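Below: the structure, in structure tokens.
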């Protein structure tokens, strides 16, 4: 039984089409294009909570907090993604003059859903590790109090810290900030998870 070959797209072809697209977003990985679905209520709420907390702490510092519409190009993996939350410290670096595709990040955050959790923990994390300045990766569950923080060590290894205590405070050394689980999950209703679409 034969299977149909998947079409291959160059990054520049993908980017040209993505810039023209107004009603949906796609991520790019090594010639393949993947459509993104809409995010759930909890997913959006967690994004806003985290971005708001970090923005407040970084207000007078040379770091910028961006949310899920900013493209991130990872040349080493021939990939382009839309991280849920991206923090960039220092001057931004862009793919081209359009300034709508960043090429570096200090800290990246993904909110997990059943359809993306495996990729966010595995393949996407491997892709992100191709960014030289990338120092911390935060994965946030939307169905319970659970936040995993991966921190790059000086020898290149990544250290995992898992947090499940609602009263815990998470240290984000890469950007010199702290996040409390209670603030991350403010107004999040775990009873809504079953009825929401996967992202």
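The values are calculated or read from the model by the stated rules, or taken from the named source; none is laboratory data. If you're wondering where the values come from, they're calculated on a predicted model, not measured in any experiment. All Cβ positions, glycine included, derive from the backbone under ideal geometry; neighbour counts span all protein chains shown.
Summary of values
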item: Condition check for residue 35: exposed (fewer than 10 other Cβ atoms within 10 Å of the Cβ) and either within 17 Å of residue 72 (Cβ to Cβ) or within 20 Å of the chain's Cα centre (by Cα) (or both); result: yes
item: Selection from the range 99-120 of residues that are free of Cβ contacts under 8 Å to residues at least 40 places away in the same chain, within 12 Å of the chain's Cα centre (by Cα) and under 18 Å from residue 173 (Cβ atoms); result: 105, 108
item: Odd one out for residue 60 among (1) at pLDDT below 95; (2) within 29 Å of residue 14 (Cα to Cα); (3) surrounded by fewer than 19 Cβ atoms within 10 Å (Cβ to Cβ); result: (2)
item: One residue from 96, 143, 165 being more than 17 Å from the chain's Cα centre (by Cα) and touching a residue at least 60 places away in the same chain (Cβ under 8 Å); result: 143
item: Which listed residue, of 16, 51, is within 20 Å of residue 120 (Cα to Cα) and outside any loop (DSSP other than H, G, I, E, B); result: 51
item: Near pairs, Cβ below 8 angstrom, 6+ apart or cross-chain, from the range 30-51 (without any contact (Cβ under 8 Å) to a residue 40 or more places away in the chain) to any residue that is assigned to a loop (DSSP other than H, G, I, E, B); result: 32/6; 32/8; 32/9; 33/9; 35/24; 35/25
item: Helices (runs of 4 or more DSSP H) completely within the range 115-199 that count 1 or more residues being farther than 28 Å from residue 26 by Cα; result: 181-184
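Residue by residue, here is whether (1) crowded, with 17+ Cβ neighbours inside 10 Å; (2) touching a strand residue (DSSP E or B) at 6+ places or on another chain (Cβ under 6 Å); (3) modelled with pLDDT of 95 or more holds:
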| position | (1), (2), (3) |
| --- | --- |
| 137 | yes, yes, yes |
| 153 | no, yes, yes |
| 158 | no, yes, yes |
| 164 | no, no, yes |
| 192 | no, no, no |
| 197 | no, no, no |
